[in-house]
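Before any comments, here is the structure.
The values are calculated or read from the model by the stated rules, or taken from the named source; none is laboratory data. No experiment lies behind these values; they were computed from the predicted model shown. Cβ sites come from the backbone with ideal geometry, for glycine too, and all protein chains shown count toward neighbours.
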Amino acid sequence: MILVWLMLIPIIGGVLAWIFARWSLRLTHWISLAAMAAVLGLALGIWGQHWDGVNLSSHGVWLLMLDKPWIPRLGIRFLLAMDGISLLLVLLTGAVGLLAVAASWYIVEKREGFFYFMLLWSFGAIVGVFLALDLFLFYFLWELMIVPLYFLIALWGNENRRYAAIKFFIFTQVGGLFLLLATLGLYFAHGRLTGVYTFDYFQLLGTTMAPALAFWLMLGFFFAFIVKLPAVPVHPWLPDAHTQAPVAGSVDLAGLVLKVGAYGLLRFTIPLFPQTALAFAPAAMVLAVISIYYGAILAFAQTDLKRLIAYTSISHMGFVLLGIFAWNTLSLQGALLIVISHGITTSALFILAGVIARRIHESRSMDRMGGFWPVMPHVAGSGSFFAIAALGLPGFGNFIGEILVLFGAFAVSPVFAILATGGFVLSVIYALRILQRVFFGPLTNPVEPRDMTGLETVLMGASMAVILWLGLYPQSVLNRTESAVLNLQRIVHRAMPTAPATPAAFTGEKEAPHELP
């Protein structure tokens, strides 16, 4: 039942926050914060039980599992499961949720109770997406998380919030439609083959079908997930959504929603269609490299600070896409480290962008910034830290993740790895631009002479500690995800027609010396 509580606690907390907002906004704040702290605490408790990364449960690589009938007539089950990958992402949800709730305390000034209900509803649905292994349940939760995000942008966003909200909704709904059609196609293909109509992930693995059908179904899953990632060319919703969303909405989008796309590719697209997906890998890597360069170059051209940060996300997620389709232990572990590091780093940058905007009368224009270091040294210091972390300096989590992705990709395609390395150079350029335009130089415009509050200092300090921990001791994360990564590689390897015909770099055969239960 702990898996159900991980989903329900944010939703229940959101309902209570909405109810108590009539009497006490302070109580609303604390209820919301306590709900996300409870999610983080439960996830940390599970993490502690599997500290060495090999303390497996009776379900083998799956640490926890809940499997109950839901709609038996249609083969739909309430199937939740957690391995090292989903545990890491639930931890990220708890941490980002705490940042988003705390960052909203002094910002939201209308419909506060409904705001926290929407925010926590989205977190509950996202946790469910990371745990659901019945494809119908997964799709249900996938769609459920879109609704609160739409309202967060449309009701509490900036000047062009309705346009951004509608654009976000259209893109994500089109992606959801492809996901639904592909899921139903797989459901019927498996049913006709075996006589068993089910959405159970474990039963659908290894489903035999015609190559053409497998290609189109895989493409449906791939398209749905890269819309959320996002990758070029289905990225246009992201800059507008980030720019117009409130701070908590930007934190939610950057810290978690983008990671849902990466998780879908990792958990579903390649394991369900291994031969087709790996044959498609070169095309996916091309999109990854294009996204790395496109996001970085467009980031350099922005004058809106939030829009600049949004384009950097496209570039970083390009590394994640490259690592997933390289499909070896190094690249997959690196992609997961980028997911976690980027989630914390970008969330902190969006919080700081909100802090700066309030100090200069709600402006996001970098033309009105500069010279903040003498008047806001803590804001400037924190911003410099996270800008440097984003560019991938050694000692920070992003560096470890991107290096592992490049090493893993090099084993598969040296050309793609070398091309992707150019993203490092471009990230240095846009990171230094943030530092120069925002924090250094002369003070060109009036600034409210107020540095970070105590709450903002705590948020930034905790985020810094996590990024340094990931950069200096990444093995603590790698140990806990290794079993799950090897399990995914083994699933794919078993589905290949002959082991010798499959490149070792893709199967991970040489990198899995021990067999997991």
Can you name every residue in segment 390-432 that is without any contact (Cβ under 8 Å) to a residue 24 or more places away in the chain and in contact with a Gly (Cβ under 6 Å, 6 or more places away or on another chain)? none
Lone qualifier among THR276, THR194, THR183 - being modelled with pLDDT of 95 or more and over 30 Å from LEU308 (Cβ atoms): THR183
Return the only residue of ILE360, ILE429 being under 22 Å from TYR311 (Cβ atoms), in contact with a Lys or Arg (Cβ under 8 Å, 6 or more places away or on another chain), of a type outside the set (Lys, Arg) and surrounded by fewer than 20 Cβ atoms within 10 Å (Cβ to Cβ). ILE360
Among the numbered criteria (1) surrounded by fewer than 23 Cβ atoms within 10 Å (Cβ to Cβ); (2) in contact (Cβ under 8 Å) with a residue 60 or more places away in the chain; (3) among the aliphatic types (A, V, I, L, M), which single criterion is violated by ILE153? (1)
Would you please name the residue that is farthest from ALA245 (Cα to Cα), looking only at residues in segment 313-338 that are of a type in the set (S, T, N, Q) and within 14 Å of the chain's Cα centre (by Cα)? SER315
Which one is surrounded by the most Cβ atoms within 10 Å (Cβ to Cβ), of the residues in segment 174-207 that are on the phi < 0 side of the Ramachandran plot and not in a helix (DSSP H, G or I)? PHE199
Can you go through VAL227, VAL232 and tell me which one is under 17 Å from LEU265 (Cβ atoms), assigned to a loop (DSSP other than H, G, I, E, B), among the β-branched types (Val, Ile, Thr) and in contact (Cβ under 8 Å) with a residue 24 or more places away in the chain? VAL232
Specify the residue that is nearest to LEU63 (Cα to Cα); the eligible residues are those in segment 144-173 that are within 16 Å of the chain's Cα centre (by Cα) and assigned to a helix (DSSP H, G or I). ILE146
Restricting to segment 432-446, name every residue that is on the phi < 0 side of the Ramachandran plot and surrounded by fewer than 20 Cβ atoms within 10 Å (Cβ to Cβ). LEU432, ARG433, LEU435, GLN436, ARG437, PHE440, PRO442, LEU443, THR444, ASN445, PRO446
Residue tally, condition surrounded by fewer than 23 Cβ atoms within 10 Å (Cβ to Cβ) and within 19 Å of the chain's Cα centre (by Cα), over segment 60-84: 1
